[in-house]
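A short write-up of the structure that comes next.
The values are calculated or read from the model by the stated rules, or taken from the named source; none is laboratory data. Because the structure is a prediction, the values reported are computed rather than measured. Here Cβ is always computed from backbone atoms with ideal geometry, including for glycine, and neighbour counts include all displayed protein chains. Remember, those area values only see protein heavy atoms, side chains included, never the ligands or the DNA or RNA. Shrake-Rupley method; radii C 1.70, N 1.55, O 1.52, S 1.80 Å.
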Amino acid sequence: VVYDRYKLTTVKLAVNGLPDVVFVLKLPLHIIKPIPAVVLFSGFQTGAQSLLLVDDSDSIAYVGFEYPWPMDMVNNLMKWDWKRIEIVPVLMALSLVWLYQHDIIDHQKISVVNISFGNVFYPLAQRILNDQGIFPKTIVLGYGGAEISEIISHQLQNKINPLQLEMTKAIVKNQTWLVEPKFHLPHLQGPLLVINGAEDEVFSPASKQILIDNLTQAPKVITLPGGHIQPDRTDIIQKFMQEVMLFLKE
């Protein structure tokens, strides 16, 4: 789809035995030579929605990743599908493999920007990519955290009793150990930028600190005022992207 200042291209890759890999490219109208790319692994909004976070550019390709729907119908009831969660990092990795083979992208200047729950899945994706010799120029970890059981229990702490909370944490740990970011964060290579919200209500201070502590390369850490980044918080989005673009230029 062509707009006044850019064009959107949806890419769908078929993968044997897995859901399709789907992502959206926001490209300048006129591309003369290979251009840098910024890949956005955001929350569970669609790839096209995540591209609303960024300004138009005549020199950068933006990529919005589409998550597979994590729910399934079982006996006419919606049920969380853990298997679909486990394969998200694989689909992320495949989207980057495609970008590194695309001739309009400068392969030396592909940066990954993780936002919110993108931080949970991307570390394993990059560990997979390391084995393929694919390393982004820079990695941003924004408004996220590690220890999935801590993230979920933080949301439930005032809704269930302490015993139920501990049982829930144990179940979550058992179900999510494969993608648990703290096991894969040490495999990320710099430069690294971590951006947190001072009053983030989605990721607890403990979860945010676990993410930082498990990075083997010291990141640049920035704390911005305000709560969690949300599509309707244009003020937070603007400040976040300003810091991201400054870091990428540096």
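Against the numbered list (1) at pLDDT below 95; (2) in contact with a helix residue (DSSP H, G or I) (Cβ under 6 Å, 6 or more places away or on another chain); (3) open to solvent by less than 60 Å² (accessible area, probe 1.4 Å), V140 comes up short only at (1).
Just one of the listed residues (Q209, Q175) is open to solvent by 10 Å² or more (accessible area, probe 1.4 Å), at pLDDT 90 or above and more than 17 Å from the chain's Cα centre (by Cα), namely Q209.
Selection of segment 1-29 for residues being outside any strand (DSSP E or B), out of contact with any Phe, Trp or Tyr (no Cβ under 9 Å at 6 or more places or on another chain), farther than 25 Å from R84 by Cα and in contact (Cβ under 8 Å) with a residue 12 or more places away in the chain yields only R5.
Restrict the check to segment 233-249 and report whether at least one residue is closer than 19 Å to L53 by Cα, assigned to a helix (DSSP H, G or I), basic (K, R) and free of Cβ contacts under 8 Å to residues at least 24 places away in the same chain.
Initially, segment 233-249 is screened for residues closer than 19 Å to L53 by Cα, giving 233-249.
Cutting the leftovers down to assigned to a helix (DSSP H, G or I) gives us 234-249.
Still in the list and also basic (K, R): 239, 249.
If we keep only those that are free of Cβ contacts under 8 Å to residues at least 24 places away in the same chain too, we end up with 239, 249.
Looking for residues that are closer than 19 Å to L53 by Cα, assigned to a helix (DSSP H, G or I), basic (K, R) and free of Cβ contacts under 8 Å to residues at least 24 places away in the same chain, one finds at least one in segment 233-249, hence yes.
Considering only residues in segment 88-131 that are of a type in the set (S, T, Y) and out of contact with any Pro (no Cβ under 6 Å at 6 or more places or on another chain), the one that is most open to solvent (accessible area, probe 1.4 Å) turns out to be Y100. If you go through segment 194-219 and keep only what is out of contact with any Gly (no Cβ under 9 Å at 6 or more places or on another chain) and in contact (Cβ under 8 Å) with a residue 24 or more places away in the chain, you end up with N214, T216.
Between D20, D55, the distinction of being of a type in the set (D, E), at pLDDT 90 or above, within 19 Å of the chain's Cα centre (by Cα) and on the phi < 0 side of the Ramachandran plot belongs to D20 only.
Only a single criterion out of (1) at pLDDT below 90; (2) under 25 Å from I236 (Cα atoms); (3) aliphatic (A, V, I, L, M); (4) open to solvent by 70 Å² or more (accessible area, probe 1.4 Å) is not satisfied by V202, namely (4).
Looking at segment 98-152, which of its residues are of a type in the set (V, I, T) and within 27 Å of P231 (Cβ to Cβ)? Spell out how you get there, then give the answer.
Here is the first cut: in segment 98-152, the residues of a type in the set (V, I, T) are 104-105, 110, 112-113, 115, 120, 128, 134, 138-140, 148, 151-152.
Within segment 98-152, I105, I110, V112, V113, I115, V120, T138, I139, V140, I148, I151, I152 qualify.
Being assigned to a loop (DSSP other than H, G, I, E, B) and open to solvent by less than 60 Å² (accessible area, probe 1.4 Å) is the filter here; which residues of segment 30-55 pass it? Reasoning before the result, please.
Keep residues of segment 30-55 that are assigned to a loop (DSSP other than H, G, I, E, B), which gives 30-34, 42-46, 54-55.
If the condition is that a residue be assigned to a loop (DSSP other than H, G, I, E, B) and open to solvent by less than 60 Å² (accessible area, probe 1.4 Å), then I31, S42, G43, Q45, T46, V54 are the ones that fit.
Considered as a group, the residues in segment 212-250 that are acidic (D, E) and closer than 22 Å to S111 by Cβ include one that is least open to solvent (accessible area, probe 1.4 Å), and that residue is E243. Among the numbered conditions (1) in contact with a Pro (Cβ under 8 Å, 6 or more places away or on another chain); (2) assigned to a loop (DSSP other than H, G, I, E, B); (3) free of Cβ contacts under 8 Å to residues at least 24 places away in the same chain, the only one that Q230 does not meet is (1).
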